[in-house]
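Here's the structure we're looking at; comments come further down.
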Amino acid sequence: MALFDELGGAAAVDKAVDIFYRRMLADDRVARFFEGVDMDKQAAKQKAFLTMVMGGPHNYTGKDMRTGHAGLVSKGLNDTHVDVVIEHLGAVLKELGATDAQIGQVAALANSVRNDVLSR
Amino acid sequence: MPALRCDGQSVPVEAGESLLEALLKAGVPLPHSCRAGACQSCLVKVTAGEPPAGSQVGLRPALAQQGFVLGCLARPEHDLEISTDAAAAASIRGTIVGVTPLSRDVVLVSISPSEPLSYRAGQFLTVLRDDGLARSYSIASLPGSPYLDFHVRVLPGGRMSQWFASAPVGSDVALRGPNGECFYDPAAVDMPLVLAGTGTGLAPLWAVLHDALRHGHRGPIDLLHGARDPEGLYLVDALEAVAGTHPNVSYSPCVLTGSVERTTVGALDDVVFGRYSNLAGHQVFLCGDPTLVQKMKRRAFLAGARLADIHADAFVTAPKPGVAS
């Protein structure tokens, strides 16, 4: 069974988006990067991101990740912030009942776009 | 450079320029107001060519399928022919039948539509005067009412609101819409509703409150209306009467300064979130001042409301003439 289906598919992503986004906004280490953004558009982007890292069907590209985060990199986005994202990702998946092994696979997928996100 | 033709005339358009900008520069008096894709007053119809990317955001499918685009969002990349005449087909006519003061600076404008209009209580319409002046207002009346009611704040120098204040009863206007996501969902009949807004943001909340009651809403409904001072509040007696006759409805007028009886003093967001530290399982409706609405939307989400359960239409005030034109 594919990772995405193991995790509960699209329904699990829908549940995860609100929890994940809320955790990011409530975390002072990363909240400033979300100042002034349209919350509905941001939620749609996070849904695409979560679908990708959970192994789901996506058409997210490295170029999207680069252009989407370029402005944030100039505001100081660095490896520590990507670590925070992966930390929350793990916590959300745990809350939804994922195993440590599954969370490890999701973290690996998230790490695979780290260099694109940080414009390296 | 793409070639643009509007109503058969060639119009110069520069790279990256919007249709609206190009038409206004060429002296075509296209109605417009928010310039941000919300009011839909700069609607035009593409008669040849493809609608530019992103130019149909927020349009009802029926309009998008007919090739309507928003002039402020359309940035032509390819040759395009458009018609402004066809935009009139997307409007209905209405006659102003009454202008009644609700407070120091808010009037109730009632408009009789020339044909029945399908809308949800709490959505907004764009009112277009025949000279092209356009403004969007939330509908305060309920579907099925003979008239469309709007709460209009009369602003110093406000071209449309000053005109309304002069009580132009009998004048005809065009109405375009409805649009907006701020309406009651009958599936939420048992959920607690929190309705919070400032100024004429009360109009959609008033409509949502009455629509919920009409649907037999069983959960609690809490309406909080904020104003700078007690004179800025309106429909106070009517709302107290609704709360008095419906055990599940409560009404809290809030002011920043000048306490009077039964009025809470404080910023609306502080009053709302002082009362609700946990909004999980609530439907939240937020209307009025855009900065405050954005702030409250974020706080409501952090307090546990699902994003899909937060309904917010921030009011957009038209740019001052000469500033953004």
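Using heavy atoms of the protein chains and a probe of 1.4 Å, the accessible area assigned to A:Tyr60 is about 60 Å².
Among rounded, prolate and oblate, which fits the stretch B:142-259 when a ≥ b ≥ c are the square roots of the eigenvalues of its C-alpha gyration tensor, a/c under 1.5 means rounded, and a/b larger than b/c means prolate? Here the stretch B:142-259 falls in the oblate category. Relative to a virtual label point 7 Å from the Cα of B:Gln9 in the Cα→beta-carbon direction, which members of the stretch B:81-96 show backbone nitrogen distances below 12 Å? Inside the label zone: B:84. Can you list the residues of the stretch B:227-246 with backbone N under 15 Å from a point 7 Å past the Cα of B:Val265, pointing along Cα to Cβ? Zone members listed by number: B:227-231.
Considering helices alone, the calculated mean residue ellipticity of chain A at 222 nm is -20500 deg cm²/dmol, with DSSP H runs of length four and up weighted by -39500 (n - 2.57) and normalised per residue.
In terms of distances greater than 31 angstrom between alpha carbons, the cross-link table entries B:Lys45/B:Lys297; A:Lys15/A:Lys63; A:Lys47/A:Lys75; A:Lys75/B:Lys25; A:Lys15/B:Lys45 yield B:Lys45/B:Lys297; A:Lys75/B:Lys25; A:Lys15/B:Lys45. For the protein assembly as shown, which cysteines have no second Cys with its Cβ under 4.7 Å from theirs? B:Cys6, B:Cys42, B:Cys72, B:Cys182, B:Cys254, B:Cys287 - these cysteines have no disulfide-compatible partner (Cβ-Cβ under 4.7 Å) in the protein assembly as shown.
Projecting the Cα atoms of B:Gly37, B:Gly54, B:Ile310 onto the charge dipole of chain B (Cβ charges, centred on the Cα centre) puts B:Ile310 farthest toward the positive pole.
Which shape class applies to chain B: rounded if a/c is under 1.5, otherwise prolate when a/b exceeds b/c and oblate if not, where a ≥ b ≥ c are the square roots of the Cα gyration tensor eigenvalues? In terms of gyration-tensor shape, prolate.
Compare each residue of the stretch A:19-34 in its chain alone against the assembly with all protein chains, and report those whose accessible area goes down by 50 Å² or more; 1.4 Å probe, heavy atoms. Those residues are A:Arg22, A:Leu25.
If only the Cβ of Lys and Arg carry +1 and only the Cβ of Asp and Glu carry -1, the dipole of the protein assembly as shown around its Cα centre is close to 400 debye.
Summing Cβ point charges (Lys, Arg +1; Asp, Glu -1) relative to the Cα centre of the stretch B:167-300 gives a dipole of roughly 360 debye.
Under the rule of -39500 (n - 2.57) per DSSP H run of 4 or more residues, summed and divided by the residues of chain B, what mean residue ellipticity at 222 nm is obtained, to the nearest 500 deg cm²/dmol? Intermediate results must be reported in sequence, preceding the final value.
Numbers: 7 runs with 63 residues, N = 325.
It comes out at -5500 deg cm²/dmol, rounded to the nearest 500.
Take the protein assembly as shown, drop everything but the C-alpha atoms, weight them equally and run the Debye formula without solvent; then report log10 I(q)/I(0) at 0.12, 0.13, 0.14 Å⁻¹ to two decimals. The computed values of log10 I(q)/I(0) come out as -1.15, -1.26, -1.34.
Quantify how much of the Cα-Cα distance distribution of the stretch B:194-325 extends past 20 Å, in percent. Within the stretch B:194-325, distances greater than 20 Å cover 44 percent of Cα pairs.
The local environment of B:Ala88, defined by Cβ-Cβ distances under 15 Å, has a net charge of -2 under the rule Lys, Arg +1 and Asp, Glu -1. Counting only protein heavy atoms and a 1.4 Å probe, chain B has 43 square angstrom of accessible area per residue.
A cut-off under 12 angstrom between Cβ atoms defines the neighbours of B:Ala280, and their net charge, with Lys, Arg +1 and Asp, Glu -1, is 0. Placing unit charges on the Cβ atoms of the charged side chains and taking the dipole of chain B about its Cα centre, the candidate lying farthest along the positive direction among B:Gly281, B:Leu117, B:Gly27 is B:Gly281.
The values are calculated or read from the model by the stated rules, or taken from the named source; none is laboratory data. What you are looking at is a predicted structure, and each value in this text was computed from that prediction instead of being measured. Every residue, glycine among them, receives a Cβ derived from its backbone with ideal geometry; neighbour counts consider all protein chains shown. These area figures cover heavy atoms from the full protein model, side chains too; ligands, DNA and RNA do not enter into them. Shrake-Rupley method; radii C 1.70, N 1.55, O 1.52, S 1.80 Å.
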